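Scroll down for the structure; my scribbles are underneath it.
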Amino acid sequence: ILVGSFIRLLATCGLSRQAFLETSLPNILRLLFIFYPIVTNTAFEAFSCYTFDDGTNYTRAYLVSDVSIECTPPWGGNTYNEWHTTVTIVAYAAVALYPIGLMVLNGVLLFAARKAIQSGKPTALSRATGFLHREYEPQFFYWELVEMARRVVLVGVMVLVLRGSITQIVIGTVFSLMYLLIQMQAGPYKDTADDYLANASSFSLAVVYLCSIMFKVATLTELKEVMERISPEQQSDFDVPTVELSILLIAAVLGSLVLSFVLLVGQLARERAQ
């Protein structure tokens with residue numbers, strides 16, 4: 001991107017620092033945005049291991065993302081793997097450079113351009129960083145940082161929180177509901193349509209988490225050993241119709257999108273009338 005922008009400017013209007021900034025930085029920010037959740041998830045995967053106990057004092061663990069690598073247990077187990085140590089060091093560097101480093105970089109760029117953004121008097125920097133703040137109200141110019149923080153928590157940090165447990169899903173659900181509430185109260189987008197779409201998407205995510213909790217319960221109650229130990233009344237209480245629940249999940253997500261669209265049309269009609 002940098003080389004292409006350099007050649008383009010030389011071939012057209014000549015090279016200047018301001019033109020180079022406005023030509024290259026927006027494309028770089030878009031590229032980093034696309035890969036942000038993917039790199040974040042991959043980096044945090046390096047800290048998650050499957051643990052096996054053979055019933056004795058000997059415990060072994062293997063990296064979830066690559067089970068050919070044996071983990072060195074953080075609690076001081078019997079094994080030490082130099083390759084896993086190398087992977088962990090690289091993962092720490094990746095987390096520092098990308099999930100955290102990119103957020104810090106965007107924060108520095110936004111706060112450096114905050115006066116131009118809030119005053120409506122654009123500068124070269126505010127135009128170059130328009131991808132980060134163009135869709136938001138001036139007072140919420142920093143909202144992209146909030147979105148990035150949500151991605152870090154949901155696709156990164158949550159990988160390490162009791163992986164595969166119902167507690168992990170419950171924490172993700174609570175976090176998603178908290179974010180939905182804050183987002184609805186803030187209404188950070190300039191365009192009403194974007195606000196409605198963002199709220200509908202966050203609601204859909206929370207619904208998916210809630211249904212995931214029910215699917216987790218269904219997985220437990222389907223075990224023959226469990227069913228043999230609980231009464232028929234308890235079996236009825238904890239029975240989860242997975243097919244019906246799947247239909248409900250799809251209906252809730254699609255219904256929220258349709259309802260948001262209807263409300264949006266009404267809101268736009270009122271604004272046009274005013």
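Specify which of the listed residues (Val157, Val87, Val108, Val95) is farther than 30 Å from Ala206 by Cα and touching a residue at least 24 places away in the same chain (Cβ under 8 Å). Give the steps one after another, and end with the answer.
On the way: Val157 fails: farther than 30 Å from Ala206 by Cα; Val108 fails: touching a residue at least 24 places away in the same chain (Cβ under 8 Å); Val95 fails: farther than 30 Å from Ala206 by Cα.
Every option except Val87 fails the conditions.
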Pairs returned, first residue in region 180-195 that is closer than 17 Å to Arg272 by Cα, second residue that is part of a helix (DSSP H, G or I) and open to solvent by 30 Å² or more (accessible area, probe 1.4 Å), beta-carbon separation under 6 angstrom, 6 or more apart or interchain, are Thr192/Gln267
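Taking helices (runs of 4 or more DSSP H) that fall entirely within region 220-274, which contain at least 3 residues that are surrounded by fewer than 10 Cβ atoms within 10 Å (Cβ to Cβ) and either of a type outside the set (Asp, Glu) or in contact with a helix residue (DSSP H, G or I) (Cβ under 9 Å, 6 or more places away or on another chain) (or both)?
242-273
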Is there a residue being within 28 Å of Leu110 (Cβ to Cβ) and open to solvent by less than 20 Å² (accessible area, probe 1.4 Å) anywhere in region 183-194?
yes
Kindly list the number of the only condition in (1) without any contact (Cβ under 8 Å) to a residue 40 or more places away in the chain; (2) over 30 Å from Ala19 (Cα atoms); (3) open to solvent by 70 Å² or more (accessible area, probe 1.4 Å) that fails for Lys216.
(1)
Search result, residues across region 23-46 that are open to solvent by 60 Å² or more (accessible area, probe 1.4 Å) and either under 16 Å from Val152 (Cα atoms) or touching a residue at least 60 places away in the same chain (Cβ under 8 Å) (or both)
Arg30, Phe33, Ile34, Phe35, Ile38, Thr42
Looking at region 177-187, which of its residues are in a helix (DSSP H, G or I) and of a type outside the set (A, V, I, L, M)?
Tyr179, Gln183, Gln185
Would you check which residues across region 28-64 are out of contact with any strand residue (DSSP E or B) (no Cβ under 9 Å at 6 or more places or on another chain) and modelled with pLDDT under 85 and list them?
Gly55, Thr56, Asn57, Tyr58
When Gln118 is evaluated against the numbered criteria (1) in contact with a strand residue (DSSP E or B) (Cβ under 8 Å, 6 or more places away or on another chain); (2) farther than 18 Å from Leu102 by Cβ, which criterion, by number, is the only one it fails?
(1)
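The values are calculated or read from the model by the stated rules, or taken from the named source; none is laboratory data. This structure is a prediction, so every number in the text was calculated from the model and none was measured. Neighbour counts are summed over all protein chains in view; Cβ atoms, including those assigned to glycine, are modelled from backbone coordinates with ideal geometry. For the accessible areas, the whole protein counts, side chains as well, though only heavy atoms, and no ligand, DNA or RNA atoms are used. Shrake-Rupley method; radii C 1.70, N 1.55, O 1.52, S 1.80 Å.
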